[in-house]
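Okay, so here's the structure we're looking at.
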Amino acid sequence: MKNPLKQDFLQNKKFTCNTKYLQNDDVFISINGGFKYLDEETLKKASCIILDEHDDFEGHGKIIKCSKLNDNYLQWLDELFSIDHSQFNNFFVTGTNGKTTTTHFLSDILSANNIDHGSVGTLGTFINNELVFQNQLTTEEPTYIRSFLDVCNKKNIDKVLFEASSIGIDQGRLDGMPIKHAVYLNLSRDHLDYHRNYESYLQAKRRLIENEELETLVFNADQPEFIDSLSNSNAKDVFQISNRNKSADIFYEIKNCDLTGNMKFIARTPWGEFDAEAKILTEYNIFNLLASLPYFYSVGGDVPSFFQSLSSLSLPEGRLQKINERPIYIDYAHTPHALEQACKSLKNHENKLILVFGAGGDRDTGKRKQMGEVADKYADEIIVTSDNPRNEDPAKIADMIIDGISNESKIHIELDRSKAISRAIDKMDGTSTLLVCGKGHEKNQIIGNNKFFFSDKEEIIKCIN
């Protein structure tokens, strides 16, 4: 079958499956009925729309209808961009929490070792740690991925790091790519508004590790529910990471953590035992760090150099990011497990933890009470606020969170997020630590169907100044 994307009049055109990326004179490929998301304004931008032969759409001047578009478009895209996937040694990381931190740490280490690489994830698209495009999806759609692989190919880059979200996996955004190296970080409640139940969420994650080309798989041996999933894995080499089981393939033991977040630990690996030190704030970041070690080794990295590079590590934007000399932090945590990890990391017996957080509207409602329970367990003062309420009443979302907080004396409600942050800073004294959760790196607040600029970091700086 002739490739419809390679017709003469489409030469030098840009292709996209995402209506949000459609620019003037671009070609829109309507995968699985994507034309339904084209509004009148977006339609004007498209020079051509490529549809499946069965799609009922006539609202544009230039239309190409293809037989079995949904079955063939991945092959056509590979041909269009001259992508030979066998030339790439890509890295895929999935898990409810930690995907961004894991790829960020690995990128820092690859850069420190002068190993060229690209990455695509929540914080953007990068080449050698330099931002090249601010993408909108954690796991991007196939045309985006292939256009970026084309860029990497032209720069002789054969290592690309991908964050693999459950929604991205379920929607087939990574289909057509051999998954050779995968990490399964953890699993907790998230995206149940999309997946509907925990089993469907788990099944989406499993798809990544059941890939036939899988060469290395890394997983968290301290999370028992992974064991059943691994029985279906085709990986040639499986690496368990643990800080409890000394017989694990990679075992780490924390020796010391000072008040600045500098951690000293021992890592026992298949390639030797290493005394290590890194300023990564929290214990779970040691796991996020070590999760990429088998990949680093498999692509020719020198293991001692991996550990020697730890001084170059930085925390990604919005991940337990300290904003000021005072103990004020922002974090992306928006699930019960992530919120607990963030609170545990900053809570000690000497300090008073002030927590500002909310929960997203039009999303999984079941996690709201659970997040309240976590807040009740760790925080001394809790300011419940709004966090992308979308089309829900922020007050009702707050009520559902408060259902999980038994100690009513801790609770303050301030639905204006700016005022909530200001109020929290006013409450701080010499023994206080402030944690603002939910947005992290994000720079907007979604109310109704509209996005408004909002940055927790900038609000904190404004209040301090």
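Taken together, the values in this text are just the output of simple stated rules run on the coordinates, not laboratory data. Keep in mind the model is a prediction, meaning the values are calculated, not measured. Note that we place each Cβ from the backbone using ideal geometry, even for glycine, and neighbour counts take in every protein chain shown.
Brief remarks on what is shown
- Listed peptides 359-365, 211-217 by packing density, highest first (mean Cβ within 10 Å): 359-365, 211-217
- Taking the empirical scaling 2.2 N^0.38 Å for compact globular proteins as reference, the stretch 85-135 has a Cα radius of gyration ratio of 1.12.
- Ignoring lysines fewer than eight residues from Lys443 along the same chain, the ones with Cα atoms less than 16 angstrom from its Cα are Lys451, Lys457, Lys462.
- Karplus (6.51, -1.76, 1.60) ³J(HN,Hα), θ = phi - 60°, over the stretch 323-335, in Hz, Gly and Pro reported as x: 9, 8, 4, 6, x, 10, 10, 10, 8, 7, 3, 9, 10
- Taking the alpha carbon gyration tensor of the stretch 320-465, multiplying each eigenvalue by 5 and rooting it gives semi-axes of 21, 18, 13 Å, largest first.
- Average Cα contact separation per residue, the chain, under 8 Å, 6 or more apart, as relative contact order %: 10
- Dipole of the chain [Lys/Arg +1, Asp/Glu -1 at C-beta], most positive-end residue of Asn234, Ile425, Cys17: Ile425
- Rounded to 5, percent antiparallel among DSSP beta bridges of the stretch 4-76: 0
- Under the Karplus curve 6.51 cos²θ - 1.76 cosθ + 1.60, θ = phi - 60°, whole-Hz ³J(HN,Hα) for the stretch 169-186, x wherever Gly or Pro sits: 5, 4, 8, x, 5, 9, 4, x, 10, x, 9, 8, 9, 9, 10, 10, 6, 6
- Lysine pairs in the stretch 85-312 with Cα atoms under 16 Å, if 8 or more residues apart or on separate chains: 8
- Each of the peptides 399-407, 289-297, 171-179 was scored by the mean count of other Cβ atoms within 10 Å over its residues; in descending order, highest first, they stand as 289-297, 171-179, 399-407.
- Evaluating kT/(6 pi eta Rh) at 25 °C and 0.890 mPa s, with the Kirkwood radius of the stretch 4-76 over Cα pairs in the Stokes-Einstein relation, gives 202 µm² s⁻¹.
- Here the extension length gained between Asn262 and Lys6 equals 86.8 nm, from 0.36 nm per residue of separation less the Cα-Cα distance.
- Per residue, the convex hull spanned by the Cα atoms of the stretch 85-312 amounts to 123 cubic angstrom.
- Each label was represented as a point 7 Å from its Cα along the Cα-to-Cβ direction; for Lys427 and Ile461 these points are 2.5 nm apart.
- Take the Kirkwood radius over Cα pairs of the chain, plug it into Stokes-Einstein at 37 °C and 0.692 mPa s, and you get 139 µm²/s for translational diffusion.
- About the Cα centre, charge dipole magnitude for the chain (Lys/Arg +1, Asp/Glu -1 at Cβ), debye: 480
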